1. Quick check on my filter: what residues within region 45-56 are in contact with a helix residue (DSSP H, G or I) (Cβ under 8 Å, 6 or more places away or on another chain) and surrounded by fewer than 20 Cβ atoms within 10 Å (Cβ to Cβ)?
2. Those residues that are open to solvent by less than 90 Å² (accessible area, probe 1.4 Å) and among the hydroxyl-bearing types (Ser, Thr, Tyr), I need them from region 226-248; list them, please.
3. Could you identify the single residue in Thr116, Thr109, Thr33 that is in contact with a His (Cβ under 7 Å, 6 or more places away or on another chain), buried (at least 18 other Cβ atoms within 10 Å of the Cβ) and either β-branched (Val, Ile, Thr) or within 21 Å of Ser196 (Cα to Cα) (or both)?
4. Can you spot a residue in region 57-72 that is among the acidic types (Asp, Glu) and either open to solvent by 60 Å² or more (accessible area, probe 1.4 Å) or free of Cβ contacts under 8 Å to residues at least 24 places away in the same chain (or both)?
5. Quick one: in region 196-225, which of the residues that are open to solvent by less than 90 Å² (accessible area, probe 1.4 Å) and over 19 Å from the mean Cα position of the chain (by Cα) is modelled with the lowest pLDDT?
6. Which residue pairs have Cβ atoms under 7 Å apart, sit 6 or more places apart or on different chains, and have a first residue in region 166-184 that is of a type in the set (Ser, Thr, Tyr) and a second that is not in a loop (DSSP other than H, G, I, E, B)?
7. Of the conditions (1) within 17 Å of the chain's Cα centre (by Cα); (2) open to solvent by 30 Å² or more (accessible area, probe 1.4 Å); (3) in contact (Cβ under 8 Å) with a residue 12 or more places away in the chain, Lys27 fails just one. Which one is it?
8. Just to be sure I understand, how many residues within region 118-148 are more than 24 Å from Gly9 (Cα to Cα), touching a helix residue (DSSP H, G or I) at 6+ places or on another chain (Cβ under 8 Å) and at pLDDT below 95?
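The values are calculated or read from the model by the stated rules, or taken from the named source; none is laboratory data. All of these numbers come straight from a predicted model, not from anything done at the bench. Because the Cβ atoms are built from the backbone with ideal geometry, glycine has one as well, and the counts that use them run over all protein chains shown. To get the accessible areas, we keep the full protein, side chains included, count just its heavy atoms, and leave off ligands, DNA and RNA. Shrake-Rupley method; radii C 1.70, N 1.55, O 1.52, S 1.80 Å.
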Amino acid sequence: MRILFTICGRAGSKGIRNKNIKLFVGKPLPYYTLSAIDLYLEKHGENECDIVVNSDSQELLSMMSSSGIRPVELIERNRELGGDTISKIDVMHNCLDIMQGRKKYEYDTVVDLDITSPLRRIIDIENLIETHIRTRADVTTSVVMARRNPYFNQLKRTEKGFRKVCASNFTARQQAPDIYDMNASLYAYCPEYLRSGRQVLDGYVEVIEMYDTGILDLDHENDLELMEVIAEYLFKHKDEFREIYENC
């Protein structure tokens with residue numbers, strides 16, 4: 001199987017300044033993503049893989065090219081793909097087109113790992129790729145079980161006060177359908193789907209479930225501080241998280 005791994009990050013950030021090149025528990029945040037890919041490839045030498053970093057940040061491109069973890073291809077992002085309203089799937093499509101032009105071969109799967117989700121395990125990448133290939137989904141993504149459920153304890157404003165988001169008569173959360181949060185950590189795409197111009201959830205989607213507290217949305221400085229507290233605990237007590245940290 002031939003896999004293209006993509007690592008995509010914009011320059012700057014509205015919530016956390018220069019988020020994609022921050023230090024995280026003493027090491028550059030993007031190194032955790034590259035470390036995870038490196039350890040996956042060490043276990044799966046049967047696959048042919050390329051890693052590409054796509055960014056409009058020269059600091060990020062330089063950081064990733066000199067990491068010493070594993071060689072990467074670099075793409076300087078086009079200005080039209082640099083705004084904060086641009087869908088990431090469009091950037092990945094751009095990665096696929098450029099890399100196929102460079103390598104002169106087709107990829108079976110495109111796998112994207114988000115820089116701002118450093119707390120992942122090798123088994124998460126393995127589960128993602130296995131599920132994607134087995135189910136032949138257009139998109140396979142990572143999720144966690146939602147802590148709130150629209151059938152039970154989420155509300156919306158109506159003309160007559162607040163009501164459940166989804167009408168139901170459930171008296172216990174366990175009775176309601178399982179609901180999942182997309183955690184934006186891992187995505188696997190069929191190349192044909194990337195070329196179709198459709199968005200992430202427009203096609204046939206499958207999911208893998210990840211470790212719940214390993215993912216937080218990094219929107220504010222205190223989010224980063226809280227994730228570091230969680231990370232230090234996981235690195236101390238969970239081998240599968242610590243190996244990625246030590247490999248950075």
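1. Here is the first cut: in region 45-56, the ones in contact with a helix residue (DSSP H, G or I) (Cβ under 8 Å, 6 or more places away or on another chain) are 47, 49-56.
Matches in region 45-56: Asn47, Cys49, Asp50, Asp56.
2. Matches in region 226-248: Tyr245 only.
3. Selected residue: Thr109, the only one of Thr116, Thr109, Thr33 that is in contact with a His (Cβ under 7 Å, 6 or more places away or on another chain), buried (at least 18 other Cβ atoms within 10 Å of the Cβ) and either β-branched (Val, Ile, Thr) or within 21 Å of Ser196 (Cα to Cα) (or both).
4. Initially, region 57-72 is screened for residues among the acidic types (Asp, Glu), giving 59.
Add one more test, that the residue is either open to solvent by 60 Å² or more (accessible area, probe 1.4 Å) or free of Cβ contacts under 8 Å to residues at least 24 places away in the same chain (or both), and what stays is 59.
Looking through region 57-72, at least one residue is among the acidic types (Asp, Glu) and either open to solvent by 60 Å² or more (accessible area, probe 1.4 Å) or free of Cβ contacts under 8 Å to residues at least 24 places away in the same chain (or both).
5. If we filter region 196-225 for residues that are open to solvent by less than 90 Å² (accessible area, probe 1.4 Å), which is where we start, we get 196-197, 199-200, 203, 205-208, 210-216, 218-219, 221, 223-224.
With over 19 Å from the mean Cα position of the chain (by Cα) added as a condition, the list becomes 196-197, 221.
Working: Ser196: 94, Gly197: 89, Glu221: 75.
Per the criteria, the residue is Glu221.
6. Pairs that qualify, where the first residue is of a type in the set (Ser, Thr, Tyr) and the partner is not in a loop (DSSP other than H, G, I, E, B), are Tyr180/Val143; Tyr180/Val144; Tyr180/Met145; Tyr180/Val207.
7. (1)
8. So the answer is 1.
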